[in-house]
Amino acid sequence: LWDGTATVLTTVFREIFFSQPNRQFVRALIITETKFRLLHFDRSGAYVTRYLKIKEYPIVFVRLVLALSSHNERLVGLDTSIQWTVGADGRKNAGTIRVRNSKLPNGASTYNLIMDEPPLIYNSIRGPGTIRWNATDANGNRVYVKDLWRAFGRSPEYKLLQEASDEKVQGVLTDILAFEDKIAQTMDYRPKDVVSSDFFNRIFSRLVMNAAGPSLSAFTSQLEAITALRDAIIGHRNLLTAGILHREITMDNILITKDKDGRPTGKICDLAGAIPSYEKAEVSGEPREGERLYLSASVLRTSIEERELAAVVHDYLDDLEAFNYVLSVLLFRYKGVG
């Protein structure tokens, strides 16, 4: 069913996800003079229909055209809990993001997006699709709101954060302000009779946390950078001792913070890819998706290109190798502060 036209559209759809971070799925029609087919892309990958002749399926064709032309944002794949204000020039000049919160009287919190700080966007269609929005709460305090599509069967991030908080793990950002789970799942975007060995259901969730500080890339001195990296390694050790393996060490997941005396410290954040240590013996059938720059050599060998090899379980040694790559980035990518 897959052909050259579908391959070309993959690049287009990737750009759509990148330019519209509030998009949950993308659908399109390929239309020729006599036939048509539907393409659907979401965080579990893609599915396509076979070509249908327009003369034989005119009603189906018209219904698809009308559905894909709908003014209903939800039906065309947009997350309606994120709303924008558009200026006279047609550009977005303000935005809000709404998170359900059962702890509040009205059952929801609304945060104002910081428009001059673009969100951190995961760069692949298939995968967790992590998006980290920079925002402020009603009192003007900085927060970050993270959207994530976790693989079915994985422990939700908020539960791991609560566990780390209960264990009083030092060096890990665990300040949860609100969370919303099971907002959507990719299996609901597909016909029930679709069967594929490459399909892995993903569940959409949203998490709001205090913005403890900028990422490691925003260091203002060599001492600050090395201190933050050292403290992140200590935080990783503390997290592992508490029974949680991080598995996603990157520059963006190491934060520069301050202690009570104003001295630079560091914390690791983002447990989206983390698992309880007792789960590490289980290998998912889905290839690891992440920033390949920080993945260990053994984890990279289990990628699609080398599927014939025995799968390697990601453990703490792979995370330590990732810390080494973070240090390498600091040494070789930066000439100095800024």
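Residues that are closer than 17 Å to Leu207 by Cβ, charged (D, E, K, R) and surrounded by fewer than 20 Cβ atoms within 10 Å (Cβ to Cβ) are absent from the stretch 183-192 altogether.
Residues that are assigned to a loop (DSSP other than H, G, I, E, B) and in contact with a strand residue (DSSP E or B) (Cβ under 7 Å, 6 or more places away or on another chain) were ranked within the stretch 207-220; the one that is modelled with the highest pLDDT is Phe219. Scanning the stretch 224-252 for residues that are in contact with a Ser or Thr (Cβ under 8 Å, 6 or more places away or on another chain) and either without any contact (Cβ under 8 Å) to a residue 12 or more places away in the chain or under 14 Å from Leu320 (Cα atoms) (or both) yields a count of 4. Scanning the stretch 20-30 for residues that are part of a loop (DSSP other than H, G, I, E, B) and surrounded by fewer than 18 Cβ atoms within 10 Å (Cβ to Cβ) gives a single hit, Gln20.
The set of residues in the stretch 36-60 that are assigned to a loop (DSSP other than H, G, I, E, B), over 13 Å from Ala6 (Cα atoms) and of a type outside the set (Ser, Thr, Tyr) comprises Arg43, Ile54, Lys55, Glu56. Would you mind finding the one in Leu148, Leu113 that is under 27 Å from Thr257 (Cβ atoms), crowded, with 16+ Cβ neighbours inside 10 Å, touching a helix residue (DSSP H, G or I) at 6+ places or on another chain (Cβ under 9 Å) and at pLDDT 90 or above? Only one candidate passes the filter, namely Leu148. In the stretch 308-322, is there at least one residue being at pLDDT 80 or above, part of a loop (DSSP other than H, G, I, E, B) and surrounded by 12 or more Cβ atoms within 10 Å (Cβ to Cβ)? Scanning the stretch 308-322 turns up at least one residue that is at pLDDT 80 or above, part of a loop (DSSP other than H, G, I, E, B) and surrounded by 12 or more Cβ atoms within 10 Å (Cβ to Cβ). Among the residues that make up the stretch 274-286, is at least one of them closer than 20 Å to Glu167 by Cα, modelled with pLDDT of 85 or more and either β-branched (Val, Ile, Thr) or in contact with a His (Cβ under 6 Å, 6 or more places away or on another chain) (or both)? Scanning the stretch 274-286 turns up at least one residue that is closer than 20 Å to Glu167 by Cα, modelled with pLDDT of 85 or more and either β-branched (Val, Ile, Thr) or in contact with a His (Cβ under 6 Å, 6 or more places away or on another chain) (or both).
Could you please find all residues in the stretch 132-167 being free of Cβ contacts under 8 Å to residues at least 40 places away in the same chain and among the polar types (S, T, N, Q)? Scanning the stretch 132-167 gives Thr136, Asn139, Gln162, Ser165. Looking at Ala138, is it assigned to a strand (DSSP E or B) and farther than 21 Å from Pro214 by Cβ? So Ala138 fails the test. Quick check on this structure: which one of Leu229, Leu223, Leu239 is at pLDDT 90 or above, surrounded by fewer than 17 Cβ atoms within 10 Å (Cβ to Cβ) and part of a helix (DSSP H, G or I)? Result: Leu223 is the single residue among Leu229, Leu223, Leu239 that is at pLDDT 90 or above, surrounded by fewer than 17 Cβ atoms within 10 Å (Cβ to Cβ) and part of a helix (DSSP H, G or I).
Of all the criteria given as (1) part of a loop (DSSP other than H, G, I, E, B); (2) within 22 Å of the chain's Cα centre (by Cα), the one not satisfied by Glu33 is (2). Among the listed residues Phe199, Phe204, identify the single one that is part of a loop (DSSP other than H, G, I, E, B), out of contact with any helix residue (DSSP H, G or I) (no Cβ under 7 Å at 6 or more places or on another chain) and of a type outside the set (D, E, K, R). Every option except Phe199 fails the conditions.
Does at least one position in the stretch 68-75 carry a residue that is assigned to a strand (DSSP E or B), touching a strand residue (DSSP E or B) at 6+ places or on another chain (Cβ under 7 Å) and at pLDDT 90 or above? Checked against the condition, which is being assigned to a strand (DSSP E or B), touching a strand residue (DSSP E or B) at 6+ places or on another chain (Cβ under 7 Å) and at pLDDT 90 or above, the stretch 68-75 yields no hits at all.
The values are calculated or read from the model by the stated rules, or taken from the named source; none is laboratory data. None of the values given here were measured: they were computed from a predicted structure. Glycine also receives a Cβ, built like all others from the backbone with ideal geometry; neighbour counts cover every protein chain displayed.
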